[in-house]
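In what follows, a structure is listed as structure tokens, so that the remarks can point back to it.
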Amino acid sequence: MENVSDLGQESRPAGGVQSIERAFDLLEMLADAGGAMGLSELATASSLPLPTVHRLMRTLVNRGYVRQEASRRYTLGSRLIRLGEISSRMLGTSLRPFLAQLVRATGETANLALLDGDEVVYLAQVPSPHQMRMFTEPGRRVRTHATAVGKALLAQLPPAEARALLGTGEMPAFTPTTITDPELLMAHLEVIRQQGYAVDEGEQEIGVRCFAVAVPDAPAALAVSSSGPAGRMTDDAAARIVPALTGIAAEISKTIAAEGAA
């Protein structure tokens with residue numbers, strides 16, 4: 001680990017510590033790579049000297065945030081899982097007021113979801129005041145291909161990346177309307193990109209319809225949705241619900257950006 005004098009020399013005028021910034025840059029590179037990277041690859045990608053990268057990676061390995069494989073390549077460590085789970089839970093809690101605002105505007109259940117690999121995890125929900133309403137426990141995981149939030153998030157990815165995610169597993173049919181053909185879903189994602197929102201036509205649960213939009217410019221792949229019985233979630237309802245979703249997604253994006261800049 002760097003000694004105190006090293007850290008003092010790397011301190012930036014704005015109060016940041018360069019060695020810490022570099023360590024986080026390396027973690028993000030590993031995450032973006034979607035797998036393992038070698039020391040020389042990290043040095044090339046980061047434009048840092050090989051000894052500096054080695055020192056930082058050794059520190060991260062010692063702390064459990066990075067794991068070194070038998071091949072000597074580095075990958076993200078298990079200690080990040082706990083941080084990610086707590087961070088996701090706190091993010092859902094902090095953004096619940098936006099979901100409550102969405103419920104007041106639409107009258108339907110509002111959800112916040114995060115793309116995690118080839119699954120979607122629900123971070124928060126505020127239920128509709130109607131007696132007949134949708135319930136989803138925070139922490140629940142669902143497949144991307146059968147949900148509005150999942151399709152909205154897939155549509156934000158480059159087509160090749162979305163196809164790669166779909167290729168990691170099967171596309172089971174949960175209802176008769178679930179899209180199970182990857183090529184058909186890829187064409188559907190293009191429609192979502194053009195119209196700016198996704199629809200779940202009872203693809204996860206029969207009788208449930210859902211509209212969703214991705215949160216723009218978020219540091220993580222987030223989406224908000226409004227769900228309810230198909231009888232209420234009509235195309236006429238979409239005309240007022242989708243703009244409300246888009247507005248809330250923009251507000252969430254601004255809030256996250258402001259917190260990141262603080």
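The values are calculated or read from the model by the stated rules, or taken from the named source; none is laboratory data. What you are looking at is a predicted structure, and each value in this text was computed from that prediction instead of being measured. Positions of Cβ are generated from backbone atoms using ideal geometry, with glycine treated the same way; all protein chains shown enter the neighbour counts.
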Problem set entry | Flag for residue 255 being of a type in the set (S, T, N, Q), in a loop (DSSP other than H, G, I, E, B) and assigned by TED's automatic domain parsing to the domain that holds residue 102 | no
For this session: Could you list all residues from region 203-223 that are closer than 14 Å to residue 193 by Cα, in contact with a Leu (Cβ under 8 Å, 6 or more places away or on another chain) and assigned to a loop (DSSP other than H, G, I, E, B)?
Result: 215
Exercise. Can we say residue 107 is closer than 19 Å to residue 207 by Cβ and among the small types (Gly, Ala, Ser)?
Worked result: yes
Exercise. Within region 88-140, can you find the residues that are hydroxyl-bearing (Ser, Thr, Tyr) and either surrounded by fewer than 17 Cβ atoms within 10 Å (Cβ to Cβ) or in contact with a Pro (Cβ under 8 Å, 6 or more places away or on another chain) (or both)?
Worked result: 93, 94, 109, 122
Seminar exercise, completed: Of all helices (runs of 4 or more DSSP H) fully inside region 1-80, the set with 1 or more residues that are at pLDDT below 85, loosely packed, with under 13 Cβ neighbours inside 10 Å and of a type outside the set (Phe, Trp, Tyr) is 4-10, 18-33
For this session: Could you grab the pairs with beta carbons closer than 6 Å, sequence gap of 6+ or different chains, first residue in region 173-199 and in contact (Cβ under 8 Å) with a residue 40 or more places away in the chain, second one part of a loop (DSSP other than H, G, I, E, B)?
Result: 185/179
Exercise. Among the residues of region 124-158, which ones are without any contact (Cβ under 8 Å) to a residue 60 or more places away in the chain and in a strand (DSSP E or B)?
Worked result: 124, 125, 126, 141, 143
Exercise. Tally time: how many residues in region 215-262 are hydrophobic (A, V, I, L, M, F, W, C) and surrounded by fewer than 12 Cβ atoms within 10 Å (Cβ to Cβ)?
Worked result: 4
